[in-house]
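The values are calculated or read from the model by the stated rules, or taken from the named source; none is laboratory data. As the structure is a computational prediction, the values presented were derived from the model and not from experiment. Cβ placement follows ideal geometry from the backbone for every residue including glycine, while neighbour counts extend to all protein chains displayed.
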Amino acid sequence: MPERNSVEIKSVSKVFGFGEYAVAAVDHVSVSIRENEFFTLLGPSGCGKTTLLRLIAGFEFPSRGEIVLAGENIAAMPPYKRPINTVFQNYALFPHMTVAENIGFGLQMLGRPKAEISARVSEMLKLVRMEHLAGRRTSQISGGQQQRVALARALAPQPKVLLLDEPLSALDYKLRKEMQIELKRLQAETGITFIFVTHDQEEALTMSDRIAVMSSGKILQIGSPHDIYDTPADRFVADFIGETNFLAAKVIAPGEGNATVELASGLTLNASAGPGLSAGDAATVVVRPEHASLSRPDAAIVLPALSGAVSNVVYFGTDTHYHVHLDGGETFIVRSQNRVMRHDPFETGDPVKVVFEPGAARVLRT
Amino acid sequence: MARRFDIRRQTGFTTIAMIVFFALYLPIAVLVVFAFNAGDSLSVWEGFSLHWFERAMENGAVIDASLRSLQIAGVAAVVATIAATMAALATTRTEPYPGLTFKYAFINQPLMIPEIVTAVALLIFFSRIKIWTGYDGLAYLIVAHTAFCVPFAYLPIRARLESMDLTLERAAADLYATPWNTFRYVTLPLLWPGILAGFMLAFVISLDDVVITNFVKSGGQDTLPTYMLGQMRRAITPEMNAISAVFLLISIAIVTVFFFVNRKRA
Amino acid sequence: MAERDALSLIEAERRRDIRSRWLLSTPALLIILFAALGPLFIVLVYSFLTPGDYGDVKWTFSTEGWVSVFLQRDIFDDTLTIADAHLTIFWRSIKLSLMTTVVTLIVGFPTAYFIATRSERTRELWLFLITIPFWTNLLIRTLAMLVVIRNEGLINTMLIRFGLIDQPLQMLFTDGAILAGMVYVYLPLMVLPLYASMEKLDFRLIEAGYDLYATPFRVLTRIIIPLVKPGMIAGSILVFIPSLGAYVTPSILGGGKNLMIGNLIELQFGAGRNWPLGSALSIALMLIVMVALLAYVRNAGSSGVKHG
């Protein structure tokens, strides 16, 4: 079965302000979101992800471009006509209504018969496991419960698309973890397209089918969590998602999806590469800390290695980070998982070699 | 044991505050106490009696003025609250648009002008109209009261609107509520305490007005405050105290309700 | 082309929104135009007319109303001299209003601070107590003051009974009585905005002050007062403006002699039968108030930026 598109965003821009004060919060963004997909807009605050979400919801209207839903351009349609519902960051539950009244509100506004509404409300209460609190005021329930009510309320009218605006940001760490799993379950059970906005890369990586990384109103890369993490398209993406070591390099021979580069230490290596590289260019080689390891300088090593000395050891419980001061002056962080039996740990001041497989490195434009 | 150091403490402040509260309530207390005086002195106690309350109740002029006061305040407060609610909806929660600042200034204008000036202006204006139309009924007072009540009703309603979470209405629109349904099911229920507070404020302000009423009223249109003002220029008997005590009771009842309505928002 | 359609749709939506906003505010604007703001222009016009014989005006242009605000014309030889009586009244009004503002500020500040530093629950009660007089008829509060300070009033009765004086002190019908009355009547107007700004005070800043070796007095002058200055300014303007235009309080407590501007204006529309002069005086009063308000707006603007 071919995958069909749910929402298509075609060259959409949103400009705030006029003349020389004009700022493009969303700048010529095009993206197709597939049906039944968990799609995440990820980026730092101010990158335009929330504006893009509000454009899809209909709280803002694009300055340019089209938003197509089921073949229809809805760019100028008011929010109450769009079959799209939102889970708001602060939940926006109606304080003067009960939990059940909140959940039934959308259906009531759609003019559905009373019997259908109450049946659907019970169904939703069950879905989010809130049956016992149906008659409560929204001010009388906890943050996590409010979150569930907000979800139920948005899902009750069976929208084509559900928008989630950083819905987990107000919850504490444990509850957030629980809700991440809960959201995945709800998406799988309802089969509704989820568009999720977050600045939390971990949230994005664990829940999404695909992620769009945004910065300054533009989408930098769209891909699966795997693609985004392992083969970032540019330096910003590599830097924003996870921790990364950056090494200065010079392109010797660019290839098709890979490149041969020379590092500052004189080491030459061939690794996968992002777009836009030509021979002689300065480039950046990125290596994830967990993809490298440390060796004693006298160990026999066949892999590419960089020599230096341990400058700092930071203990994290599950693992330890070694900050290595490379001979060329750069700093390289190596993450090593802690085990019960550990012999001969590295200490500050030890001379070491940093070792990684060429497959762990990726060459990007500086 | 040494007293714990209190970072909030400022020497003498509590004493001054206590004196202020005492001074604030002493004259009112004296006024009320002597409403129950058996004799006709306002400062020498001659025994307890409800005599002066009975006198006031039997005084046709007092009853007449009270009913007129309530009538004017009722109509003026309702009209002012409706107008103020509409104006508050029109002037809040929007990007600035041409004329917005003008509207603020215009609506709050009666608060900026000394009452005596407005009173004089209305005296001149209405006396012209009275000559042209020959009508000299209560409408002048009601219109004048409505005008100065509008900003008082407007203030709490606007404050309530501005503290209201805009995302609630967005949520309603997101859940298929048309603009009218959003207003009816979300905005209005949430705004209601503000409207009630605005109404009560307007009602009390109208009930209390002396200056404008005194200038605008035609013969035989005394309200309770203007009647009292007239009496105060003559000899004062405890009957005035009795009227004041009842008036006070009404004010306190209203302020109590207002206080609780406003507290609910928290 | 689709882009252009979307844009014009949005623009049309915005225009429709603004139009409905104007429509919604029309009733309020009309009421105020008709019965508050509009008539002020008639006052301006009247100030340039000639007094009628039995009140009202004759429709002939004259600057006499304005001239006689500050000058008086001799009945016999038409020479102009300074109108001492008017100047005295203006001076008394401004002096008493300033004094009222200062006194309410001095006693209102500790009171507001006291309320703001109570625990959450008792604070409501104290606030309630300060609000009640605010809602109570001004006339009744003035009457209460009158009953206490008049010659047969509580204070004099007490003093005579305890043998401290033989003759009652003449407190009523003095400038002091007006001042006391206005302080009494307008105090809540000072306390409420002061309280509002003190309630927002971050007491960790005071802790920081003490941590950095400030004495309680230094904390008051260097931390608390600068932070609650907007409230002090707002309270002052709220007290000053009605004091300047006060009519009821001076007419009851000041008697016939100690007039303020408000009484002088009333006089022109009553016994004086000089409506143009009354109109000119009204406009003059309004101008003084405007100046005070402008000063306030400029002040509030600059201090508002500082404290967010």
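Before moving on, here are some points about what is shown:
- Filter pass, C:TYR213 being among the hydroxyl-bearing types (Ser, Thr, Tyr), more than 14 Å from the chain's Cα centre (by Cα) and away from chain B (no Cβ under 11 Å): yes
- Picking from residues in segment A:76-92 that are within 25 Å of the chain's Cα centre (by Cα) and aliphatic (A, V, I, L, M), the one that is farthest from A:VAL149 (Cα to Cα) is A:ILE84.
- Residue in segment B:191-200 that is closer than 30 Å to B:SER41 by Cα and at the interface with chain C (Cβ under 10 Å from one of its Cβ atoms) present: no
- B:ALA159 vs. criteria more than 30 Å from A:ARG82 (Cβ to Cβ), in a helix (DSSP H, G or I) and out of contact with any helix residue (DSSP H, G or I) (no Cβ under 6 Å at 6 or more places or on another chain): yes
- Enumerated helices (runs of 4 or more DSSP H) restricted to segment B:210-266, each holding at least 3 residues that are more than 9 Å from every other protein chain (Cβ to nearest Cβ) and more than 19 Å from the chain's Cα centre (by Cα): B:238-264
- Some residue of segment C:214-224 being outside any helix (DSSP H, G or I) and surrounded by fewer than 24 Cβ atoms within 10 Å (Cβ to Cβ): yes
- When segment C:251-279 is limited to residues that are away from chain B (no Cβ under 11 Å) and part of a helix (DSSP H, G or I), the one that is farthest from C:PHE61 (Cα to Cα) turns out to be C:LEU267.
- Which listed residue, of B:THR11, B:THR15, is over 23 Å from the mean Cα position of the chain (by Cα), loosely packed, with under 15 Cβ neighbours inside 10 Å and assigned to a loop (DSSP other than H, G, I, E, B): B:THR11
- Scanning segment C:154-202 for residues that are small (Gly, Ala, Ser) and at pLDDT below 90 yields a total of 1.
- Among residues that are touching a residue at least 24 places away in the same chain (Cβ under 8 Å) and of a type in the set (Asp, Glu), B:ASP6 is not included.
- Test for B:LEU111: is it closer than 28 Å to C:LEU146 by Cα and more than 13 Å from chain C (Cβ to nearest Cβ): no
Here's the yes/no breakdown for (1) in contact with a Lys or Arg (Cβ under 7 Å, 6 or more places away or on another chain); (2) farther than 30 Å from C:ILE237 by Cα; (3) touching a residue at least 12 places away in the same chain (Cβ under 8 Å):
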| site | (1), (2), (3) |
| --- | --- |
| B:ILE107 | no, no, yes |
| B:VAL120 | no, no, yes |
| B:ILE129 | no, yes, no |
| B:GLU169 | no, yes, yes |
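- When each of C:THR111, C:THR117, C:THR60, C:THR79 is tested for being closer than 30 Å to C:LEU244 by Cα and either among the β-branched types (Val, Ile, Thr) or not assigned by TED's automatic domain parsing to the domain that holds C:ASN258 (or both), the lone residue that passes is C:THR111.
A quick yes/no check of all residues on (1) within 30 Å of A:THR86 (Cβ to Cβ); (2) among the acidic types (Asp, Glu):
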| site | (1), (2) |
| --- | --- |
| B:MET164 | yes, no |
| B:ARG170 | yes, no |
| B:ASP174 | yes, yes |
| B:GLY194 | yes, no |
| B:SER206 | no, no |
| B:ASP209 | no, yes |
| B:PHE215 | no, no |
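- In segment B:140-167, residue farthest from the other protein chains (Cβ to nearest Cβ) [restricted to those that are polar (S, T, N, Q) and touching a residue at least 24 places away in the same chain (Cβ under 8 Å)]: B:SER163
- Hey, C:VAL191 closer than 26 Å to B:VAL32 by Cβ and under 23 Å from the mean Cα position of the chain (by Cα) or not: yes
- Top-ranked residue in segment A:230-281 [being touching a helix residue (DSSP H, G or I) at 6+ places or on another chain (Cβ under 8 Å) and assigned to a loop (DSSP other than H, G, I, E, B); ranked as surrounded by the fewest Cβ atoms within 10 Å (Cβ to Cβ)]: A:GLU243
- If only residues of segment B:3-36 that are within 29 Å of C:ALA116 (Cβ to Cβ) and aromatic (Phe, Trp, Tyr) are counted, the one that is nearest to the other protein chains (Cβ to nearest Cβ) is B:PHE13.
- Consider segment B:37-55 and keep the residues that are buried (at least 16 other Cβ atoms within 10 Å of the Cβ), within 14 Å of chain C (Cβ to nearest Cβ) and out of contact with any Leu (no Cβ under 7 Å at 6 or more places or on another chain). The one that is nearest to B:VAL246 (Cα to Cα) is B:TRP52.
- Residue identified as closer than 30 Å to B:ALA88 by Cβ and more than 13 Å from chain B (Cβ to nearest Cβ) among C:ALA35, C:ALA12, C:ALA85: C:ALA12
- Within segment C:125-148, the set of residues being more than 7 Å from chain B (Cβ to nearest Cβ), touching a helix residue (DSSP H, G or I) at 6+ places or on another chain (Cβ under 9 Å) and without any contact (Cβ under 8 Å) to a residue 40 or more places away in the chain comprises just one member, C:TRP126.
- Set C:TYR184, C:TYR247: member being in the same structural domain as C:PHE90 (by TED's automatic domain parsing), touching a residue at least 40 places away in the same chain (Cβ under 8 Å) and among the hydroxyl-bearing types (Ser, Thr, Tyr): C:TYR184
- In segment A:99-119, residue nearest to the chain's Cα centre (by Cα) [restricted to those that are more than 13 Å from chain B (Cβ to nearest Cβ) and touching a residue at least 24 places away in the same chain (Cβ under 8 Å)]: A:VAL99
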